[in-house]
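Taken together, the values in this text are just the output of simple stated rules run on the coordinates, not laboratory data. Keep in mind the model is a prediction, meaning the values are calculated, not measured.
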Amino acid sequence: MARSRRRWPLIRQLTGNDRGGRADSARSPWADGLQARTVDADSVVQSVCPFCAVGCGQRVFVKDGVIVQIEGDPDSPISRGHLCPKGAATKAMVQSPSRLTTIRYRRPYATDWEDLPLDTAMQMIADRVVAARQASWEDVDELGRPLHRCMGIASLGGATLDNEENYLWKKLFTSWGAVQIENQARI
C-alpha cells in the first residue's frame with residue numbers, strides 16, 4: 001500500500017525535487033505513451049479559417065485523406081498560430097456526422113425535404129434569378145430618366161468573405177442590375 005501511494009503525483013511532488021509539479025512528478029506511463037495527432041500525418045495543408053473575415057491561418061493535418069487535426073498556423077501574420085474556439089473546431093465542421101453533403105430542397109407547401117442533384121438546383125436558382133430580374137426591371141423612372149436597375153434582387157453578403165470575394169460578389173449583383181447590396185460586416 002505504501003509503495004502504491006508513492007506513485008501518486010502529489011506524493012512524488014511533495015517528497016521529490018519537483019516542488020512545482022511540472023517535471024517527473026507529473027509524469028506517468030500512460031502520459032509517456034501519448035503522442036500528438038499530428039505526428040502520423042501524411043501531409044500538412046495551409047488554409048484559412050472560414051468563420052469570420054479576420055482570416056486566421058490554419059494548418060490542416062491529413063492522414064490517408066482524412067483530417068486528423070487543425071491548428072493555428074504560426075507563419076500567419078494575422079493570427080500568429082492562434083485560433084479562437086470556432087476556428088479550432090473547424091475539423092468538426094468538416095467531419096461531423098450531422099453535416100449535410102447533399103442539396104436539400106423543400107417544395108412550397110411540402111412537409112418533407114428531398115435531395116436534388118447539383119445541376120438541378122443550380123438551374124432552379126438561375127431560372128429564379130432571371131424571372132425576378134425580368135419581373136422587376138426598371139429601365140426609366142416616371143420622368144424618363146434612365147435607371148437600368150432591378151429591384152427584385154438583393155444581396156446580403158457574409159462576413160467570411162474577404163475583400164476580393166466581396167468585390168466579385170458586388171460585381172456579379174451589379175451586373176444583374178441589383179442596387180440593394182449589403183454585407184453582414186456592416187450591419
**OP:** Sum -39500 (n - 2.57) across every DSSP H segment of at least 4 residues in the chain, then divide by the residue count to get the 222 nm mean residue ellipticity, nearest 500.
**Re:** -8500 deg cm²/dmol
**OP:** Compare Gln58, Gln69, Gln13 in a GNM of the chain, Cα atoms joined below 10 Å, and give the one with the largest fluctuation.
**Re:** Gln13
Original post:
To the nearest 10 degrees, how steeply does helix 163-175 sit against the main Cα axis of the chain, on a 0 to 90 scale?
Top reply: 20
**OP:** Please give the helix 118-136 orientation as an angle from the longest Cα principal axis of the chain, in degrees from 0 to 90, rounded to the nearest 10.
**Re:** 40
